[in-house]
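Worksheet: the structure to be examined is printed underneath.
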Amino acid sequence: MVNTGMQLISFTCAVTGWIMAIAVTALPQWKVSAFLGSNILTSEIKWEGIWMNCIYQTTGHMQCKTYDSMLALPPDIQAARALMCLAIFMGWLSCTVSCCGMKCTTCAGDDRRAKAGIALAGGVLFIVTGLCVLVPISWTANTVVQDFYNPNVPVMHKRELGQAIYLGWAAAVILMISGAVLSSTCPLMEQSGRYRRGYIGRSFANSPASAPDPPKPIASNSLPMKEYV
């Protein structure tokens with residue numbers, strides 16, 4: 001029961017992290033305009049994502065425009081697109097595999113070793129999904145920080161970390177921790193796995209107790225007869 005509860009909690013957290021990763025992929029707040037200089041009152045804020053860039057005005061209007069050419073994008077944006085799409089697919093695959101391996105489902109029948117192996121594979125896939133989210137997020141954050149402190153970059157082109165970066169870090173951590181917990185809830189060795197391959201273990205725990213055999217009578221002819229004088 002304890003392992004089943006841990007599986008449900010870790011699976012729920014992993015699905016939450018996967019949904020967060022989908023939101024990070026769609027949000028344009030990967031890079032936001034930096035407020036530098038003496039004039040901090042600006043009429044618009046620029047957002048840059050991996051699919052589009054947006055301009056948000058203080059009046060409440062927002063205009064977004066998708067990128068015209070994919071090949072003209074920086075390497076970090078191109079890698080972020082590929083890895084985030086891969087993370088979404090891996091997250092869907094992880095959810096499907098984990099559902100089949102959880103103890104509260106009827107997949108794989110009563111074969112506990114098979115269900116444990118499937119759940120372990122689902123946990124590892126969640127960890128890989130978290131890594132696929134962590135790499136583009138950290139790469140983009142490193143690029144933003146380097147450009148911010150680079151004196152050769154004009155002030156108008158400097159950017160800061162957006163909300164999507166922090167949400168992506170949180171999603172990656174949740175996915176990796178949930179995958180690790182889901183993998184640790186799998187039993188390391190089932191009862192049938194304690195014997196070598198080719199041998200079948202027999203359990204006497206649930207077998208009915210049989211009555212002991214009655215003592216056999218000793219036949220008189222079985223002992224040699226000796227006469228003593």
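Worth pointing out:
- Selection from Cys100, Met70, Val133 lying farthest towards where the dipole of region 70-159 points positive, charges on Cβ: Cys100
- Peptide ranges 57-65, 164-172, 12-20 listed from the most packed, as the mean C-beta count within 10 angstrom indicates: 164-172, 12-20, 57-65
- Ranked by the mean number of other Cβ atoms within 10 Å of their residues, highest first, the peptides 22-34, 68-80 come out as 22-34, 68-80.
- Cα shape, region 59-172, gyration tensor, a/c 1.5 rule: prolate
Readers should treat all values here as calculations from the given coordinates under stated rules, not as data from a laboratory. Here the structure is a predicted model, which means the values were calculated and not measured. Glycine also receives a Cβ, built like all others from the backbone with ideal geometry; neighbour counts cover every protein chain displayed.
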